[in-house]
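One structure is given here, and the rest of the page talks about it.
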Amino acid sequence: MNQNSRSKNSIKNASSEIVVRLLTAGSKFILRTVFIYTLGIQYNGVAGLFNDILFVFSLAELGINRAIAYALYKPLANKDEDAIARIMKFYKIVYRIIAGVIMLMGIVMLPFLQYLVKDVPDIKESIHLIFMLFVIQSASSYLFIYKATLLEANQQKRIVSYVNIVATIVQVICESLILIVFKEYLLYLVFSIVFTLGKNIVISYLAEKQFPVLKKKSVGPLTKEEARQIKADIGATAIYNVSNVAVQTTDTIVTAAFFPTTIVGILSNYRLITNTLNTLISQISASCVPSIGNLAVSATKERLRQLHSQLSFIMFMIGNFVCAALIGVLNPFIENIWLDEQYLFIMPTVIVIVFNLYLCIMQYPNTAYRNSNGLFVQGRIRPAIMAVINIILSVSLATYFSRFGSQWGVFGILLATPLSRLFTETWFDPRVVYKHVFKEKMGKYFVTRLTYFAVAVTSCFVTYFGTQWLISALCITNVYVEFLLRLLCVVIIPNAIMLILFFRTNIFKESVGMVLSAVLKKAKKNK
């Protein structure tokens, strides 16, 4: 595949996936709003907790999809249908086992729910029945969907995206109607299970149309070399996946253990916003993984490093804007536009949440290079260390800060996550990329990252206090006018700072030029 084809596929995949993420973000926001106003904060807390518990169960997947996607690159490039069939047969068997394991884990978990749900919420349904419906939904999500990985590895993820676009629109309409008309949480969950299965079946059918080899009945087992490589990669990605799950769910589970379920519900609202932004931004990087994987075969180390620098700067521009915007409008949005003041966290907690998001955004280029170059085994112990540090810090800081009240206790729990990232991921993952891909030392990388961080902190500081001063100076009292002014400030101030500091630099011109070139190519094709 030539460079032009790789670029076009990356643009198509990124564009379609961004549309999906935007629709998903909008649908989640609509559903969360309808959910809170129809069922209340108690159900919201239960849903937030159970979603994170089931996310822990997803560690049964062990990051297998990434290892399989990497294993498919070569046979797809060589059009080796027999190898593709063998790998996909293995994948299907593994995912069926995973679905069964999740069901078993859910049943085993039932007697222990009382220890995870502090102050059982005042709801009419049995929390055990609700939990099992969450378990069934999680298990069913692994049926049929494995074929989507083949489309993704072949740079056809947009096919999955198109299905998700239609499914998202239908789902948000139907689930909102169920909540508004019937106000029945169990009916809402049952519909979600049926809908998930239906969507997966459609994706499976489309994958089979693209790859008829998937219908092949007589497929042999993996060769010894295929089995050895896939098992090695799965073993390494498993540690990454387990640690990722642990880091992402520790906050909610520890919060549920220390504080009432209503606090978990408040946390889930903040996470809905930040996780949506995080996932959307991650797609820009993730869509480049197959292209980087192909590029790594033919490009020079200098070209790969240059692309890494450009992706890093693009992530910095996005992170600088998003974080400054969240510092400026997140709490006012929740308090005055979306919900009310009972759903707020204190400002130090918001700063910690935003800081963690910034670290995640800045890490995406390293993750893309690690995955696309198959660097699963190298540094496989790092994620486990990060997860352990996060758990220890979460419990320790929660215990310490809780003496000042539940709001400060949550601050302590959330502070543990960015600290655990700083101690491990922030410096170790780029070290793996620089050592095994670029074969260079990384002193300049760290200087650049510290510079970016200083600029981001300045942007957040100037945006927040500049906006507060302007609102005070204009004596604005209407909350809607105030919010519109805040939006205007968070759009202008951080981006103005970015332009003033970087407009004349080569990295700015190269990175912006790359983005504009991609957009123009897409626009010309659509004419």
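The values are calculated or read from the model by the stated rules, or taken from the named source; none is laboratory data. The shown structure was predicted, so the numbers you read here are calculated from the model rather than taken from an experiment. Here Cβ is always computed from backbone atoms with ideal geometry, including for glycine, and neighbour counts include all displayed protein chains.
Taking the conditions exactly as written (of a type outside the set (Asp, Glu) and touching a Phe, Trp or Tyr at 6+ places or on another chain (Cβ under 6 Å)), does Gln171 satisfy them or not? Here the answer is yes, as Gln171 does meet what is asked.
Answer yes if at least one residue in the range 327-342 is surrounded by 23 or more Cβ atoms within 10 Å (Cβ to Cβ) and modelled with pLDDT of 90 or more, and no otherwise. Scanning the range 327-342 turns up at least one residue that is surrounded by 23 or more Cβ atoms within 10 Å (Cβ to Cβ) and modelled with pLDDT of 90 or more.
So is Val490 under 29 Å from the mean Cα position of the chain (by Cα), over 23 Å from Val354 (Cβ atoms) and assigned to a helix (DSSP H, G or I) or not?
Judged against the criteria, Val490 is not a match.
Table: residues versus (1) part of a helix (DSSP H, G or I); (2) exposed (fewer than 14 other Cβ atoms within 10 Å of the Cβ).
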{"site": "Phe90", "(1), (2)": "yes, no"}
{"site": "Ile98", "(1), (2)": "yes, no"}
{"site": "Val101", "(1), (2)": "yes, no"}
{"site": "Val108", "(1), (2)": "yes, yes"}
{"site": "Leu113", "(1), (2)": "yes, no"}
{"site": "Asp122", "(1), (2)": "no, yes"}
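Here Leu375 meets each of (1) outside any loop (DSSP other than H, G, I, E, B); (2) in contact (Cβ under 8 Å) with a residue 24 or more places away in the chain with one exception, condition (1).
Of all residues in the range 181-222, those being over 29 Å from the mean Cα position of the chain (by Cα), farther than 20 Å from Tyr146 by Cβ and touching a residue at least 12 places away in the same chain (Cβ under 8 Å) number 1.
Scanning for something among the small types (Gly, Ala, Ser), over 30 Å from Lys216 (Cβ atoms), crowded, with 17+ Cβ neighbours inside 10 Å and modelled with pLDDT of 85 or more, does the range 17-28 turn up at least one residue?
no
When restricted to residues that are at pLDDT 80 or above and in contact with a Ser or Thr (Cβ under 9 Å, 6 or more places away or on another chain), the range 208-252 contains 4. Give the range 141-154 a look and list any residue that's closer than 22 Å to Ile102 by Cβ and not in a helix (DSSP H, G or I), or say none. Within the range 141-154, Ser141, Tyr142, Leu143, Phe144 qualify. Looking only at the range 314-365, residues that are of a type in the set (Asp, Glu) and touching an Asp or Glu at 6+ places or on another chain (Cβ under 8 Å) come to 2 in all.
Restricting the first member to the range 403-425 and to residues that are without any contact (Cβ under 8 Å) to a residue 24 or more places away in the chain and closer than 16 Å to Ala257 by Cα, and the second to residues that are assigned to a helix (DSSP H, G or I) and of a type in the set (Gly, Ala, Ser), the beta-carbon pairs closer than 9 Å and six or more apart or on different chains are Arg403/Gly409; Gly412/Ser394; Gly412/Ser396; Gly412/Ala398; Gly412/Ser402.
Scanning the range 184-214 for residues that are closer than 17 Å to Leu133 by Cα and assigned to a loop (DSSP other than H, G, I, E, B) returns a single hit, Glu184. Scanning the range 18-32 for residues that are within 13 Å of the chain's Cα centre (by Cα) and either outside any helix (DSSP H, G or I) or among the charged types (D, E, K, R) (or both) yields a single hit, Arg21. Confirm whether Leu326 is touching a residue at least 40 places away in the same chain (Cβ under 8 Å), closer than 30 Å to Asn390 by Cα, in contact with a Cys (Cβ under 9 Å, 6 or more places away or on another chain) and not charged (D, E, K, R). Considered against the rule, which asks whether it is touching a residue at least 40 places away in the same chain (Cβ under 8 Å), closer than 30 Å to Asn390 by Cα, in contact with a Cys (Cβ under 9 Å, 6 or more places away or on another chain) and not charged (D, E, K, R), Leu326 comes out as yes. Within the range 72-91, being within 26 Å of the chain's Cα centre (by Cα) and farther than 13 Å from Phe211 by Cβ holds for one residue alone: Tyr73. Residues in the range 116-127 that are more than 28 Å from the chain's Cα centre (by Cα) and either at pLDDT 90 or above or more than 17 Å from Tyr185 (Cα to Cα) (or both): Asp119 alone.
Can you tell me which residue in the range 406-432 is farthest from Gln306 (Cα to Cα), limited to those that are part of a helix (DSSP H, G or I) and among the β-branched types (Val, Ile, Thr)?
Val410
Would you say Val135 is out of contact with any Ser or Thr (no Cβ under 7 Å at 6 or more places or on another chain), modelled with pLDDT of 85 or more and either crowded, with 16+ Cβ neighbours inside 10 Å or acidic (Asp, Glu) (or both)? Judged against the criteria, Val135 is a match.
Kindly indicate whether any position in the range 433-444 is part of a helix (DSSP H, G or I), surrounded by fewer than 17 Cβ atoms within 10 Å (Cβ to Cβ), modelled with pLDDT under 95 and not basic (Lys, Arg). Looking through the range 433-444, at least one residue is part of a helix (DSSP H, G or I), surrounded by fewer than 17 Cβ atoms within 10 Å (Cβ to Cβ), modelled with pLDDT under 95 and not basic (Lys, Arg).
Of all residues in the range 155-178, one or more are surrounded by 20 or more Cβ atoms within 10 Å (Cβ to Cβ), in contact (Cβ under 8 Å) with a residue 12 or more places away in the chain and not in a helix (DSSP H, G or I).
When every residue of the range 341-354 is checked against the conditions, none turns out to be among the aromatic types (Phe, Trp, Tyr), under 22 Å from the mean Cα position of the chain (by Cα), in a helix (DSSP H, G or I) and closer than 20 Å to Leu326 by Cβ.
If you go through the range 220-248 and keep only what is in a loop (DSSP other than H, G, I, E, B) and crowded, with 17+ Cβ neighbours inside 10 Å, you end up with just Leu222. Checked against (1) in a helix (DSSP H, G or I); (2) farther than 28 Å from Asp52 by Cβ; (3) among the basic types (Lys, Arg), Lys217 meets all criteria but (1).
Evaluate the following for Asn390: is it modelled with pLDDT under 95 and either among the polar types (S, T, N, Q) or farther than 28 Å from Met442 by Cβ (or both)?
yes
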